[in-house]
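Quick notes on the structure that follows.
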Amino acid sequence: MDYEHKAKVVADCLLSYKRDESGWKVCKKSNDVVVSWRPSSEFPGNVYKGEGLVSGSLEKVWESLKPVPNGLRVKWDNNVKRFELLDQITEDISICRTVTPSAAMGIIAPRDFVDVILVKKYDDGAISSNATNVCHASCPPQSGYVRGFNHRCGCICVPISGEPNKTQVFTFFQTDLGGFLPRSVVDSFFPSSMAEFYSNLTKTVKSLKDL
């Protein structure tokens, strides 16, 4: 499998999601974050977009978000129980396994996901994490976990000109949770989960000392 090509396609796709304002329907809104959705073109579900301002420098925000084993995200993101590096393809591209806990009062059983992940930096100072599902010989489906599939997803952290202590964060999720979950459970889970994601991210960034 051409992991590099697959990862770069995700990065281009997420930028197009960020730029294309058409078709998004707002499903959750607060002072700090707007969560929208539209039908996915990749699977019979939705792609969700989160857009929010986080109080903190881009360096602190990225330190909290970056997809690395033993990173901060496992500590604050309630949907990430474990994060494992399976294979390092290039300096910026890796194959990782993410384990998620049960959710929605136990209706959603623990899942695991195997993804190729590309970390990409842009000329304007933005940085992104881009992921999609892949197969990897070292990690077949395992008992005790439902194997889920992340379609093109990730986050883009954008510096705000003139405001070094604020960062715009875009998140994109389009996840096939696998199993036999009712559609209503999935559709109610993601908007609330994403709003909580921003709330916990903000608290974590606020707690970090200057980097």
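The values are calculated or read from the model by the stated rules, or taken from the named source; none is laboratory data. Quick caveat, the model's predicted, so the values are computed rather than measured. All Cβ positions, even for glycine, are placed from backbone atoms using ideal geometry, and neighbour counts span all protein chains on display. The accessibility values were calculated without ligands, DNA or RNA, using every heavy atom of the protein model including side chains. Shrake-Rupley method; radii C 1.70, N 1.55, O 1.52, S 1.80 Å.
Computed values, structure above
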read-out: Residue selected from region 152-197 under the condition over 13 Å from the mean Cα position of the chain (by Cα), of a type in the set (S, T, Y) and over 15 Å from P44 (Cβ atoms), by the criterion most open to solvent (accessible area, probe 1.4 Å); value: S161
read-out: Residue under evaluation K66, criteria (1) open to solvent by 20 Å² or more (accessible area, probe 1.4 Å); (2) more than 18 Å from F113 (Cβ to Cβ); (3) charged (D, E, K, R), criterion not met; value: (2)
read-out: Scan of region 36-57 for residues that are of a type in the set (A, V, I, L, M, F, W, C) and either part of a strand (DSSP E or B) or under 17 Å from F197 (Cα atoms) (or both), ordered by number; value: W37, V47, L53, V54
read-out: Top-ranked residue in region 95-110 [being open to solvent by less than 10 Å² (accessible area, probe 1.4 Å) and modelled with pLDDT of 95 or more; ranked as farthest from S143 (Cα to Cα)]; value: I95
read-out: Of residues in region 72-93 being in a loop (DSSP other than H, G, I, E, B), farther than 21 Å from Y3 by Cβ and out of contact with any Asp or Glu (no Cβ under 8 Å at 6 or more places or on another chain), the one most open to solvent (accessible area, probe 1.4 Å); value: K81
read-out: Set G45, G56: member being open to solvent by less than 40 Å² (accessible area, probe 1.4 Å) and at pLDDT below 95; value: G45
